[in-house]
Amino acid sequence: MTLPALYRLREANPKSKFTLLTDQKLADLWENTDHFDEILTFKKSDSPCTIGTRLKKYTYDTALIFPNSFRSALECWYGNIPKRIGYAGNWRSLLLTDPIGHRAQSVPMRKRVKIDIEYRLINNLDRQTFPSNAHHIHQYLHLAKQLGAGDEPLAPKLIRRENSSSLESINVSPPYIGLIAGAKYGPAKRWPAKNFIETANAIVKEYQIHVLLLGGRDDCEIAKEIEVGLPSEKVTNLAGKTSLTELTSILANCEVVLSNDTGPMHLAAAVETPVVVPFGSTSPELTGPGLPHNLASPHHLIHTDVGCSPCFLRKCPIDLRCFKSITVENVLAAVENVLATKN
């Protein structure tokens with residue numbers, strides 16, 4: 001979701017050198033793109049002082065700090081970067097040279113407590129909605145604006161270098177549909193596995209399409225559950241078996257990706273593959289893929305209308321009715337719409 005801000009920064013500062021500081025586990029994703037001139041990585045075990053000491057070895061003029069964490073600001077403060085721009089709050093204003101106030105249109109994702117959820121349901125309150133410019137893309141564009149960048153939004157697009165070897169692990173011919181049934185955040189973001197199985201079986205029967213089960217190591221168990229529910233000759237389980245570079249190429253070669261609200265969902269959309277996403281505890285208006293409120297979007301973001309949504313919780317304290325109201329028929333119709341458009 002920071003990609004539009006990065007694009008606008010490049011547009012406004014064409015002669016500047018851009019370095020990304022990122023977690024080591026994400027390095028191979030960015031090293032195979034053309035977004036940055038240099039990639040610096042850190043390990044989870046590295047302290048802010050260690051990272052800051054590493055930054056001192058370079059001659060950076062400015063740090064644009066996208067995360068809102070205290071730690072990210074502390075790292076750049078230790079690095080003695082002359083200009084440090086980021087959002088104020090979280091006790092970090094003293095670490096920034098340019099603490100920026102939050103946009104009036106920004107919406108904090110506050111987790112609901114159980115009593116609030118029950119109150120909203122008992123009183124039949126409507127689902128909470130958000131203004132059109134509340135999406136997180138606008139948050140990052142607002143930060144980039146401090147360096148002269150325009151703030152006109154555009155869809156995130158990953159400018160990648162093609163890696164054809166990524167598809168060698170797939171021993172069947174296209175077309176493919178990608179399925180991402182996990183969600184590391186928690187079960188309140190996971191549409192039930194049995195629904196994925198029912199939807200995939202219907203698609204396979206109608207379109208003779210091959211199913212690719214995708215995700216990280218934490219998704220292996222749910223991917224296996226779905227695998228045994230599908231025809232063996234029509235499914236390839238790649239969950240936990242791909243690097244980020246490989247995953248990116250595979251997503252780019254899918255006709256459509258049926259996914260929960262996950263990182264790979266954003267990745268699929270950023271390589272211009274249509275995604276179909278049932279949303280549970282989270283909000284597509286705030287963190288959905290693609291260009292916010294784009295009526296011509298190829299993506300289908302399906303949400304519930306129950307009053308307790310979105311709650312932003314990891315685990316539902318009641319009966320997960322947000323997902324129960326999103327049926328297989330709803331999702332199947334969206335997937336078929338994408339496939340019909342492509343054919």
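Read-outs: derived from the displayed coordinates by stated rules, not from any lab. The model shown is predicted, which means the values in this text are computed figures rather than measured ones. Note that each Cβ is placed from the backbone with ideal geometry, even for glycine, and that neighbours are counted across all protein chains shown.
Some observations on this one:
- Antiparallel %, DSSP beta bridges [both residues in the chain], to 5: 5 percent
- Every Cα-Cα pair in the range 131-225 was counted, and those over 20 Å apart are 61% of them.
- Applying 1/(1 + (r/R0)^6) with r as the Cβ-Cβ distance of Ser325 and Thr50 and R0 = 51 angstrom yields a FRET efficiency of 0.60.
- Here the 3J(HN,Hα) profile of the range 14-25, calculated from phi with Karplus coefficients 6.51, -1.76 and 1.60 at θ = phi - 60°, is x, 9, 7, 9, 10, 10, 9, 9, 8, 4, 4, 5 Hz, Gly and Pro shown as x.
- Measuring r between the beta carbons of Asn294 and Arg10 and using R0 = 25 Å, the FRET efficiency lands at 0.70.
- Where only alpha carbons of the range 161-281 are counted, the Rg and the Dmax (Å): 12.9, 37
- log₁₀ of I(q)/I(0) at q = 0.12, 0.24 Å⁻¹ - the range 73-131, Debye sum with one point per alpha carbon: -0.52, -0.96
- For Arg84, the amide hydrogen comes within under 5 Å of the amide hydrogens of Ala63, Thr97, Asp98, counting only partners 5 or more places away or on other chains and with H modelled in the peptide plane.
- Square roots of 5 times each gyration tensor eigenvalue, C-alpha, the range 260-311, largest first, Å: 19, 12, 9
- Averaging the Cα positions of each part gives two centres, and for the range 36-80 and the range 215-231 these lie 37 Å apart.
- Converting phi to 3J(HN,Hα) with the Karplus coefficients 6.51, -1.76 and 1.60 and the offset θ = phi - 60°, the range 114-130 yields 4, 5, 5, 4, 5, 4, 5, 6, 4, 8, 6, 6, 6, 4, 6, 10, 9 Hz in sequence order, with x at every glycine or proline.
- Karplus (6.51, -1.76, 1.60) ³J(HN,Hα), θ = phi - 60°, over the range 188-205, in Hz, Gly and Pro reported as x: 6, 10, 10, 4, x, 4, 5, 5, 4, 4, 5, 5, 5, 4, 5, 5, 4, 5
- Residues whose amide H lies under 5 Å from that of His303, counting only those 5 or more places away or on a different chain, are Phe279; hydrogens are built 1.01 Å from N in the peptide plane.
- Each principal axis of the Cα atoms in the range 228-317 has its own extent, and those three values, largest first, are 42, 32, 23 angstrom.
- Relative pair counts by distance (%), Cα atoms of the chain, 10 Å bins: 5, 23, 31, 26, 13, 2, 0
- Ordering of 312-320, 39-47 by packing [mean C-beta count within 10 Å, highest first]: 312-320, 39-47
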